[in-house]
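Coordinate-derived values only; no laboratory data. The structure presented is a predicted model; accordingly, all values stated were derived computationally and were not measured. For neighbour counting, all protein chains shown are included, and Cβ atoms are generated from backbone atoms with ideal geometry for every residue, glycine included.
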Amino acid sequence: MGTGKTTIGKALTTKSSLPFIDIDEEIEKRTGMKIVDIFARMGEQFFRDLEEEMIREFSREEGRIIAVGGGALQRESNLLALKERGFLLCLLSTPRVILRRLKNDETRPLLKGEGNKLQRIEALLRKRFPNYLKADAFLDTSYMTIYDSVKYAGRLLDYLKEKVVLSDQTPEDRWVKSAFEEKGEELKNLLRVEDVSVSLTAAARLWKNNFPLEWKILRRKRNIFMKWLREEVLRIE
């Protein structure tokens, strides 16, 4: 929702020649209806069931770039299908940035209607965040250009396809390392990096692999996603 998944996905297809599949677009093709009309006429449950069916269908084969909406990750079956043969990258943007990007967009069914849209976006993201944390890596596109977002995601794709040698000299290499590093001390070093995408990916990886978290470092991170991660860790611990 407003994070750039379709734009980035299509750019990666141009770079890699891998086919790009946008699940929302495939649903519209199959039904002959716009997503907003499916929600209005058939309801969200119908849409989510069809979304699950399409994800299961398209994730059976490797070598594809698949884009899904954030709501899809609220079903465990979708998470399992996407991760079984693939790497799950979660694109994030702050609520204020999403609001600015979608200010005049009337095609988002969950944001239609009256009320404070910023509060609704934040509440929706916070509700979804625990399942977002099950992704393999996180890319905060809030203040990234499309060029830089594609550069990061493209480097990840290079590593997945060819296991290229990574260095500490470029931000995108440090980010890719944070998604695959297995040593706790190295992950703690990456947690200290100012780049939100690197530190969030490292923090989530530390947590999910039961490494001790550096609370002094985490408390200094002011990004909203790091705040939500702290809340999740404290809630469980």
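In summary, no helical segment of the chain meets the span-like criteria, namely a full DSSP H run, a Cα extent along the axis of 20 angstrom or more and a mean Kyte-Doolittle hydropathy of at least 0.0.
Rounded to the nearest 0.05, the FRET efficiency derived from the C-beta distance between Glu61 and Asp37 at R0 = 45 Å is 0.95.
At 0.36 nm per residue, minus the direct Cα-Cα distance, what do Arg126 and Arg48 gain on full extension? Give it in nm, one decimal, please. Please list the in-between numbers first.
On the way: separation 78, 0.36 × 78 = 28.08 nm, distance 1.93 nm.
That pair, Arg126 and Arg48, stretches by 26.1 nm at full extension.
Applying a threshold of 27 Å to the alpha-carbon distances of Lys161/Lys216; Lys29/Lys163; Lys163/Lys183 flags Lys161/Lys216; Lys29/Lys163 as lying beyond it.
Counting neighbouring beta carbons within 10 Å and listing from fewest to most, the residues Glu214, Glu114 come out as Glu114, Glu214. Between the beta carbons of Glu194 and Leu118, assuming R0 = 25 Å, the FRET efficiency works out to 0.45 to the nearest 0.05. With the charge dipole of the stretch 5-139 set up from +1 on Lys and Arg Cβ and -1 on Asp and Glu Cβ about the Cα centre, the Cα lying farthest toward the positive end among the listed residues Ser93, Ile27, Ala137 is that of Ser93.
Residues whose amide H comes within less than 5 Å of that of Ile21, counting only those at least five positions distant or on another chain, are Ile65, Ile66, Ala67 (H built at 1.01 Å from N in the peptide plane). When the helices of the chain are scored as -39500 (n - 2.57) per DSSP H run of n ≥ 4 and the total is divided over every residue, the value at 222 nm lands at -18500 deg cm²/dmol.
Using only Cα coordinates, the Kirkwood hydrodynamic radius of the stretch 165-236 works out to 12.1 Å. Of Trp228, Trp215, Trp175, the sequence from fewest to most neighbouring Cβ atoms within 10 angstrom is Trp215, Trp228, Trp175.
Between Arg85 and Leu18, the modelled label-to-label distance comes to 1.3 nm, taking each label 7 Å out from Cα in the direction of the beta carbon. Prolate is the label for the stretch 95-186, because a/c, from the alpha-carbon gyration tensor with a ≥ b ≥ c as root eigenvalues, is 1.5 or above and a/b exceeds b/c. Take every Cα pair under 8 Å whose residues are at least 6 apart in sequence, average their separation, divide by the length of the stretch 5-139, and the relative contact order is 27 percent.
Placing unit charges on the Cβ atoms only, positive for Lys and Arg and negative for Asp and Glu, gives the chain a dipole magnitude near 780 debye about its Cα centre.
Entry note, the chain: relative contact order of 17 percent, from Cα contacts under 8 Å with a spacing of 6+ residues. The three principal axes of the Cα atoms in the chain give end-to-end lengths of 52, 41, 31 Å, sorted in falling order. Ordered by the count of other Cβ atoms within 10 Å of each Cβ, fewest first, Thr31, Thr94, Thr145 give Thr145, Thr31, Thr94.
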